[in-house]
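Enquirer: Sending over a structure as structure tokens; questions will come in a sec.
The values are calculated or read from the model by the stated rules, or taken from the named source; none is laboratory data. Being a predicted model, the structure only gives us computed values, none of them experimental. Cβ atoms come from the backbone with ideal geometry, glycine included; neighbour counts cover every protein chain shown. Keep in mind that these areas ignore ligands, DNA and RNA; they rest on the heavy atoms of the full protein, side chains included. Shrake-Rupley method; radii C 1.70, N 1.55, O 1.52, S 1.80 Å.
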Amino acid sequence: MESAWNSSTCSASRPFLTRLLGKPPDLSNFPAVRGNLKLALVMIALIWILAALGEELVYRGYLMNRVADLGSRTRTAWIVSLFLTSAVFGFSHYQQGLTGIIEEGSDGLILGWMYLACRSNLAVPIVAHGVCDTIDIALLFLGKYPGL
């Protein structure tokens, strides 16, 4: 489930990755919401449904558990699951370029770690994901989004 909106300003890795790789994530396909309240509100609603709920159900709720099942849910299986699922999550944001892939992969690690640290409580990464993406839209709406 690919989300053009999932650009995660909440990620502390963006400045480092942008400097290292020479460019920020490619958000050129991102719809212009600057000053457009109606579009911003529609996007926020879609973010909570598709990105926060949808992506977390797929990546943390389903894939992490299925990969861990392959290793009999041992500690090692969960660690492998965390890293593998985070890599898949990162690559699913290929439209953002290499910077976006790495950034989203690292965000996936954080969201996956939250899921595991909270005893497989999917509500925690769903809320974290939704809040971060909502902040992104608010910054875009206000014209204060970094790099755009």
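Enquirer: Against the conditions (1) open to solvent by 60 Å² or more (accessible area, probe 1.4 Å); (2) in contact with a Pro (Cβ under 6 Å, 6 or more places away or on another chain), where does residue 94 fall short? Just the number, please.
Expert: Here residue 94 clears every test but (2).
Enquirer: Find all pairs meeting these conditions: Cβ atoms under 8 angstrom apart; at least six residues apart or on different chains; first residue within segment 17-35 and over 18 Å from residue 93 (Cβ atoms); second residue aliphatic (A, V, I, L, M) and surrounded by fewer than 16 Cβ atoms within 10 Å (Cβ to Cβ).
Expert: 34/142
Enquirer: Of everything in segment 23-40 that's in contact with a helix residue (DSSP H, G or I) (Cβ under 9 Å, 6 or more places away or on another chain) and assigned to a helix (DSSP H, G or I), which residue is farthest from residue 100 (Cα to Cα)?
Expert: Looking at residues that are in contact with a helix residue (DSSP H, G or I) (Cβ under 9 Å, 6 or more places away or on another chain) and assigned to a helix (DSSP H, G or I), I get 37.
Enquirer: From 112, 130, 100, which residue is touching a helix residue (DSSP H, G or I) at 6+ places or on another chain (Cβ under 9 Å), closer than 19 Å to residue 16 by Cβ and assigned to a helix (DSSP H, G or I)?
Expert: It is 100.
Enquirer: Condition test on residue 51, is it in a helix (DSSP H, G or I), touching a His at 6+ places or on another chain (Cβ under 7 Å) and surrounded by 14 or more Cβ atoms within 10 Å (Cβ to Cβ)?
Expert: Considered against the rule, which asks whether it is in a helix (DSSP H, G or I), touching a His at 6+ places or on another chain (Cβ under 7 Å) and surrounded by 14 or more Cβ atoms within 10 Å (Cβ to Cβ), residue 51 comes out as yes.
Enquirer: Something else: Pick from segment 98-138 the residues that are open to solvent by 40 Å² or more (accessible area, probe 1.4 Å) and touching a Ser or Thr at 6+ places or on another chain (Cβ under 7 Å): which of them is nearest to residue 62 (Cα to Cα)?
Expert: The residue in question is 109.
Enquirer: Could you tell me which numbered condition residue 45 fails, if it satisfies all but one of (1) in contact (Cβ under 8 Å) with a residue 12 or more places away in the chain; (2) under 18 Å from residue 130 (Cα atoms)?
Expert: (1)
Enquirer: Same structure, new question: For the structure I just gave you, tell me whether residue 76 is farther than 20 Å from residue 27 by Cα and either free of Cβ contacts under 8 Å to residues at least 12 places away in the same chain or assigned to a helix (DSSP H, G or I) (or both).
Expert: Yes: the conditions hold for residue 76.
Enquirer: While we're here: So for segment 33-40 (the condition being in contact with a Cys (Cβ under 9 Å, 6 or more places away or on another chain) and open to solvent by less than 80 Å² (accessible area, probe 1.4 Å)), does at least one residue qualify?
Expert: For segment 33-40, residues in contact with a Cys (Cβ under 9 Å, 6 or more places away or on another chain) and open to solvent by less than 80 Å² (accessible area, probe 1.4 Å): absent.
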